[in-house]
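All remarks here apply to the structure that follows.
The values are calculated or read from the model by the stated rules, or taken from the named source; none is laboratory data. Since the structure is predicted, the reported quantities are computational estimates derived from the model, not experimental observations. No Cβ is skipped: glycine too gets one built from the backbone with ideal geometry, and neighbour counts run over all protein chains shown. Side chains included, ligands, DNA and RNA excluded: accessible areas come from the protein's heavy atoms. Shrake-Rupley method; radii C 1.70, N 1.55, O 1.52, S 1.80 Å.
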Amino acid sequence: MVDRKRAETSVPPVFRTAFAAAVLLALFCALEWLVLVVRLPVVWSPAVLGLVLRNALIYALTGLLGGAALGVCLAILQSVGGSSVNALTRPAGAWALAFAGIVAFYWIDAANVLYSGGSREPVALALDGAALAAGAVLAWVLVRRAARGGGVRRALVVGVVVTVVLWLPFYAPIAGRAGERVDGGPDLRRVNVERVVQSDVASPPNVLLIMLDTTRTDCLGCYGAEDGVTPNIDGLASESMLFEQAVTPEPLTRPAVATMLTGLYPRSHGVDTNTKSLDAGFVTLAEALQARGYVTGAFMAASVLSGYYGTDQGFDSYTEPSEERWELSGLLALKRFYVSIFAHSRWSVEIPAAEVTRRATTWIRNNGDRPFFAFVHYFDAHYPYEPPAEHDLAFASGLTGLSVPYEHPQDRFRQGFDMPADFLEMTWLKYKGEIAYTDEYVGVLLDALDDMGLADDTLVVLLSDHGESFEKGFYFAHGNRLFDSLVHVVLMFRYPGRVEPGRATTQVHLADLYPTVVSLLGIPLEAEVQGNDILGFRGRTPDQPERAVFLQTDFENPKPFSSRVSLGVRLPPWKYVDSPEIGLRELYDIHADPGEFLNLVDERPEIAAELASLLESWLATTERRETADAELSPKRLEALRALGYVQ
């Protein structure tokens, strides 16, 4: 016995502490995998197995590195001497320090979540931190008492038992949530509320709103594309009322979505950039439906639509990207360590179509027995264009491996820059590959709706928030020009038996979504909106005169070579744009010249003057709501930078 103790104390503390930390971390990992296998509906595949094995490696490396760091510190302290320091270097002290290190990681990360405006409430953070801190103290006491009587072996046994006991109350609630992954991720459970739908319609339908981010109309077969990359969207269009001339008032995601949800122009709701938040005083479409008894869920694919910016108003469930979504672990700090050091994952700012579809279909399956509103957002067509191999049209055409012809992304906006034709074609094909990939999962989503028996009772709205530019010296971008390739958007409504399929040539815009949906549902329109019911209460396409749609770009980012403040009015066949900071006025016949290559402002001064007067009158009678930029933590600022929205 004496020899064994002597051998134990002769082991350098760096090895002893590294071992303790590695075992603790591996134990947490094993427990989480156990929950994943036993309690959650996981479809095992080589990809999932690879994720599990990768987790094991990361936990082992993290444990060894963390333990080694503690061990080095202990070795230095031991060289100083002192009975209290020597006690820390014994096996029990190694266990306690390793566990305390995990607690410290969690608490520091929790504080960061609170600081950066995360969704966790301060009270919950305080309770979690206090519970784990108390657990660390308990572990210290128990392990030390056990070690006094039995050395390393008893310390090991008691340390494992204490770890399991402390794990149970922290993770068991997560394990019991049907439909929720053990990753700190989205809550896809049944919404635990009982509501009675209030509607003038006998059987109010579900609403499924599908938004295709950054999607040009000329890439869809139903809008004239001939290459057949969107069979599922085209099939939906054949069963829908499709609007050929739908327009977004601003070709930028958050302003466009705020317009959809409020029925107001960006000038009126105040979200005219991707750095501003929607004020809680507005009654959104989700709030209107929720107040009338609908359960509501949103499945956002990009951090630009984080609920932090107010787009979550009225949603019972709201899922969005976060670096906390990657790993199976509930140890937030270790997941962040993994993402930042090993993965550099874009899942911290965007989520691919496959995962968005999984989340949406799971939630609908759990809530589809009562009227629901589901908002599904697909972001894959946004730059950078990196389609999966099976949808990489550039690779299939032999256009691969071309080097980027500019040093800095801003160079592609500079006057006089000549984009090489082969690189432009390769990028165009990759972009279309992203749209083909999105189309695949739109099909999966619609098939799931059909399999659940909900297709005939669901109003499906498919639209895009804006397009993407591949022309006129503004490559692979949007938001800072008013080209028709950017403001012309997708819009179609399918509601079997209520909305007759067809095509409408009347110009409409995204502010029309709100009043049209509530009208179809038989819900009174109680909010002040600037859009119209474009279908009519019983699904008839109204015979109405052409309306002007007013356009604008980012008001807070005037950099003429890449960004410009522009105002415009679109009244087919004409479109007028005024960019005062660079002294540019433009007039295009968008029917005869859809590419907008011939500026007719001098040839048709009477048309330009008429549209300019119309624009001035609208500006004079429509008050601009001044909204300050949202407070952005470094993490949120980096997320917007990763998407190209800030420099």
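Scan Val304, Val271, Val229, Val295 and give me the residue that is in contact with a Lys or Arg (Cβ under 9 Å, 6 or more places away or on another chain), hydrophobic (A, V, I, L, M, F, W, C) and at pLDDT 95 or above.
Working: Val304 fails: at pLDDT 95 or above; Val271 fails: at pLDDT 95 or above; Val229 fails: at pLDDT 95 or above.
That would be Val295, the only listed residue that is in contact with a Lys or Arg (Cβ under 9 Å, 6 or more places away or on another chain), hydrophobic (A, V, I, L, M, F, W, C) and at pLDDT 95 or above.
Residue check: is Leu535 surrounded by fewer than 17 Cβ atoms within 10 Å (Cβ to Cβ), touching a helix residue (DSSP H, G or I) at 6+ places or on another chain (Cβ under 6 Å) and not in a helix (DSSP H, G or I)? Please lay out each step first, then the result.
Values: surrounded by fewer than 17 Cβ atoms within 10 Å (Cβ to Cβ): no; touching a helix residue (DSSP H, G or I) at 6+ places or on another chain (Cβ under 6 Å): yes; not in a helix (DSSP H, G or I): yes.
Taking the combined requirement at face value, the residue does not satisfy it.
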The listed residue being in contact with a strand residue (DSSP E or B) (Cβ under 7 Å, 6 or more places away or on another chain) and more than 25 Å from Asp447 (Cβ to Cβ), out of Gly270, Gly293, Gly263
Gly270
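Every residue, every condition in (1) over 30 Å from Leu521 (Cβ atoms); (2) in a helix (DSSP H, G or I); (3) open to solvent by 20 Å² or more (accessible area, probe 1.4 Å); (4) modelled with pLDDT under 95, yes or no:
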| position | (1), (2), (3), (4) |
| --- | --- |
| Phe342 | yes, yes, yes, yes |
| Trp347 | yes, yes, yes, yes |
| Arg358 | no, yes, yes, yes |
| Thr362 | no, yes, yes, yes |
| Asp369 | no, no, yes, yes |
| Ala374 | no, no, no, no |
| His377 | no, no, no, no |
| Ala381 | no, no, no, yes |
| Pro384 | yes, no, yes, yes |
So, Ile607, is that one surrounded by fewer than 19 Cβ atoms within 10 Å (Cβ to Cβ), modelled with pLDDT of 60 or more and in contact with a Lys or Arg (Cβ under 9 Å, 6 or more places away or on another chain) or not?
no
Counting only residues in the range 416-431 that are open to solvent by 20 Å² or more (accessible area, probe 1.4 Å) and either hydrophobic (A, V, I, L, M, F, W, C) or under 23 Å from the mean Cα position of the chain (by Cα) (or both), the one nearest to Glu386 (Cα to Cα) is identified as Lys430
Run down Glu586, Glu603 and say which single residue is without any contact (Cβ under 8 Å) to a residue 60 or more places away in the chain, under 16 Å from Phe550 (Cα atoms) and of a type outside the set (A, V, I, L, M, F, W, C).
Glu586
Scope the range 198-207; condition within 16 Å of Glu287 (Cα to Cα) and either modelled with pLDDT of 85 or more or open to solvent by 90 Å² or more (accessible area, probe 1.4 Å) (or both); matching residues:
Gln198, Asn206, Val207
Please find, within the range 208-229, the residue that is surrounded by the most Cβ atoms within 10 Å (Cβ to Cβ) out of those that are touching a residue at least 60 places away in the same chain (Cβ under 8 Å) and assigned to a loop (DSSP other than H, G, I, E, B).
Thr215
If I filter the range 253-270 down to residues being assigned to a loop (DSSP other than H, G, I, E, B) and open to solvent by 10 Å² or more (accessible area, probe 1.4 Å), which single residue comes out as nearest to Arg624 (Cα to Cα)?
Tyr265
Kindly provide the set of residues from the range 277-319 that are within 20 Å of Glu528 (Cβ to Cβ) and out of contact with any helix residue (DSSP H, G or I) (no Cβ under 7 Å at 6 or more places or on another chain), ordered by number.
Asp279, Ala280, Gly281, Val283, Glu287, Leu289, Gln290, Ala291, Arg292, Gly310
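Tally the residues that are within 30 Å of Asp272 (Cα to Cα), open to solvent by 10 Å² or more (accessible area, probe 1.4 Å) and outside any strand (DSSP E or B), restricting the search to the range 230-251.
Applying the first criterion (within 30 Å of Asp272 (Cα to Cα)) to the range 230-251 yields 233, 241-251.
Add one more test, that the residue is open to solvent by 10 Å² or more (accessible area, probe 1.4 Å), and what stays is 241, 244-245.
Checking the rest, the ones that are also outside any strand (DSSP E or B) come to 244-245.
The number of residues fulfilling the criteria is 2.
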Please go through (1) open to solvent by less than 60 Å² (accessible area, probe 1.4 Å); (2) among the acidic types (Asp, Glu); (3) at pLDDT below 85 for Glu586 and return the number of the only condition it doesn't satisfy.
(3)
Filter the range 466-508 down to residues that are in contact with a Ser or Thr (Cβ under 7 Å, 6 or more places away or on another chain), within 17 Å of Tyr265 (Cα to Cα), outside any loop (DSSP other than H, G, I, E, B) and open to solvent by less than 10 Å² (accessible area, probe 1.4 Å), then give me how many there are.
3
